[in-house]
1. When Ala17 is evaluated against the numbered criteria (1) under 19 Å from Asp115 (Cβ atoms); (2) open to solvent by 30 Å² or more (accessible area, probe 1.4 Å); (3) among the small types (Gly, Ala, Ser), which criterion, by number, is the only one it fails?
2. In the list Phe184, Phe148, Phe159, Phe196, which residue meets the criterion of being in a helix (DSSP H, G or I), open to solvent by less than 20 Å² (accessible area, probe 1.4 Å) and aromatic (Phe, Trp, Tyr)?
3. Residue check: is Leu165 under 22 Å from Ala82 (Cα atoms), touching a residue at least 40 places away in the same chain (Cβ under 8 Å) and in a loop (DSSP other than H, G, I, E, B)?
4. I'd like the full set of residues that are more than 19 Å from Ser95 (Cβ to Cβ) and either of a type in the set (D, E, K, R) or touching a residue at least 24 places away in the same chain (Cβ under 8 Å) (or both), limited to the range 178-197.
5. Quick check on the range 25-38: of everything there that is touching a residue at least 40 places away in the same chain (Cβ under 8 Å) and within 24 Å of Leu173 (Cβ to Cβ), which residue is most open to solvent (accessible area, probe 1.4 Å)?
6. Output the qualifying pairs, or none if there are none: Cβ atoms under 9 angstrom, residues six or more apart or on different chains, first residue in the range 82-93 and touching a residue at least 24 places away in the same chain (Cβ under 8 Å) and within 9 Å of Ala151 (Cα to Cα), second residue open to solvent by 50 Å² or more (accessible area, probe 1.4 Å) and basic (Lys, Arg).
7. What is the residue count in the range 1-14 for residues that are modelled with pLDDT of 95 or more, open to solvent by 80 Å² or more (accessible area, probe 1.4 Å) and touching a helix residue (DSSP H, G or I) at 6+ places or on another chain (Cβ under 8 Å)?
Amino acid sequence: SETPYVSPPPPALTSSAYAIAFNDVKALGQQDGDAERNEISTFWLADAGTVRETGTWLQAGLSIAAQEGTIASISQMARLFALLGMAIADGVVVSWETKARYFTWRPTTAIREADTDGNPSTILDPSWTSRIGSVGGTPEYNSGTSTFAGAASRVIELFYGNSQLDFCFQTDLAQRPRCYPSAFAAAVEAGRSRIFQGIHFQ
């Protein structure tokens, strides 16, 4: 049977929407010495040897649980992390089904081979390299990190009944914690980090 919630198709390579996304990551996704983009990129990177992209939201959940006093209740902690785990796992299924369905190229390939996309608003750069030096290991569309972030942030909002719950947390590669005015704001930054890393389109 077909997986529910698979994303609609990405913009056509010849579309203006694609050109906008292409030029966005081309400008912001390479190493440029920008301290804020470098910090956001590293914070959400989750390379091998870390808790990975899914685990960053468990780290966020632990920080929020400690801040909100949830950590004092075994039953509430079990409920929170069961919900986070289920939502993230469902997100993995949907994201990977979407990736397999559309099988799109990553920005590094797209930028280096832009003369083949049929779009006059995209200009190739055969030496372009992502900020993190990686092409990415799965089809580009859609972003697993963004999918997990959307699922986990919504669970946090619903669990605490608060869409403006501010919190701070730290990931494995980060030099310091980052703070957010809401779970949704953290999710937006998680998604945007993939553009700064140079491995996804918006």
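The values are calculated or read from the model by the stated rules, or taken from the named source; none is laboratory data. Since the model is a prediction, treat every value here as computed from it, not as a measurement. Every residue, glycine as well, gets a Cβ built from its backbone with ideal geometry; the counts of neighbours run over all protein chains shown. Side chains included, ligands, DNA and RNA excluded: accessible areas come from the protein's heavy atoms. Shrake-Rupley method; radii C 1.70, N 1.55, O 1.52, S 1.80 Å.
1. (1)
2. Just a single option satisfies the conditions, and that option is Phe148.
3. Yes.
4. Across the range 178-197, the qualifying residues are Arg178, Ser182, Phe196.
5. Gln31
6. Ala87/Arg154
7. Residues that pass the stated criteria total 1.
For every residue, the table says whether it meets (1) open to solvent by less than 40 Å² (accessible area, probe 1.4 Å); (2) of a type outside the set (Val, Ile, Thr).
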{"site": "Arg52", "(1), (2)": "no, yes"}
{"site": "Ile64", "(1), (2)": "yes, no"}
{"site": "Met77", "(1), (2)": "yes, yes"}
{"site": "Leu83", "(1), (2)": "no, yes"}
{"site": "Ala87", "(1), (2)": "yes, yes"}
